[in-house]
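Notes to accompany the following structure.
The values are calculated or read from the model by the stated rules, or taken from the named source; none is laboratory data. As the structure is a computational prediction, the values presented were derived from the model and not from experiment. Note that we place each Cβ from the backbone using ideal geometry, even for glycine, and neighbour counts take in every protein chain shown.
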Amino acid sequence: MALKKSQKSLKKWTKQKWRTPSGKKSSETGEVYAPSSQIKRLKSTPKGRRKLAAANKKKREATRKGKQHARHGLHKKKRR
């Protein structure tokens, strides 16, 4: 039986290695989780590092307010 489009997307998503930029737990650092490939790409340019820093700032602010999820902008244009 062939997988539906949504099932293929979920399968691909679960195969990705997700982590924080520092490699530590997000609960300890307040950093965002993202796929390793995206973090590597963002860290490679000054603009990417600024974007990552801004996302971490938004994540920490949301966490301080008691929110589980933060709209930090790293996953924009991704259908979820």
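Tabulated data for the structure shown
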| quantity | calculated |
| --- | --- |
| Scope the stretch 34-73; condition touching a helix residue (DSSP H, G or I) at 6+ places or on another chain (Cβ under 7 Å), under 23 Å from Leu10 (Cβ atoms) and either of a type in the set (Gly, Ala, Ser) or modelled with pLDDT of 90 or more (or both); matching residues | Arg41, Ala70, Gly73 |
| Meets criteria (at pLDDT below 90 and out of contact with any helix residue (DSSP H, G or I) (no Cβ under 6 Å at 6 or more places or on another chain)) for Lys11 | yes |
| Answer residue from the stretch 1-37, given it is closer than 23 Å to Thr63 by Cα, assigned to a helix (DSSP H, G or I) and not acidic (Asp, Glu) and is nearest to the chain's Cα centre (by Cα) among those | Ser36 |
| Criterion (surrounded by 10 or more Cβ atoms within 10 Å (Cβ to Cβ) and on the phi > 0 side of the Ramachandran plot) met by exactly one of Gly48, Gly23 | Gly23 |
| Any pair with Cβ under 8 angstrom, 6 or more apart, that starts in the stretch 1-20 at a residue that is free of Cβ contacts under 8 Å to residues at least 24 places away in the same chain and ends at one that is aliphatic (A, V, I, L, M) and exposed (fewer than 11 other Cβ atoms within 10 Å of the Cβ) | Lys11/Leu3 |
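Residue-by-condition table, conditions (1) in a helix (DSSP H, G or I); (2) exposed (fewer than 10 other Cβ atoms within 10 Å of the Cβ); (3) touching a residue at least 60 places away in the same chain (Cβ under 8 Å):
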| position | (1), (2), (3) |
| --- | --- |
| Ile39 | yes, no, no |
| Lys58 | yes, no, no |
| Glu61 | yes, no, no |
| Gly66 | no, yes, no |
| Arg71 | no, no, no |
| Lys76 | no, yes, no |
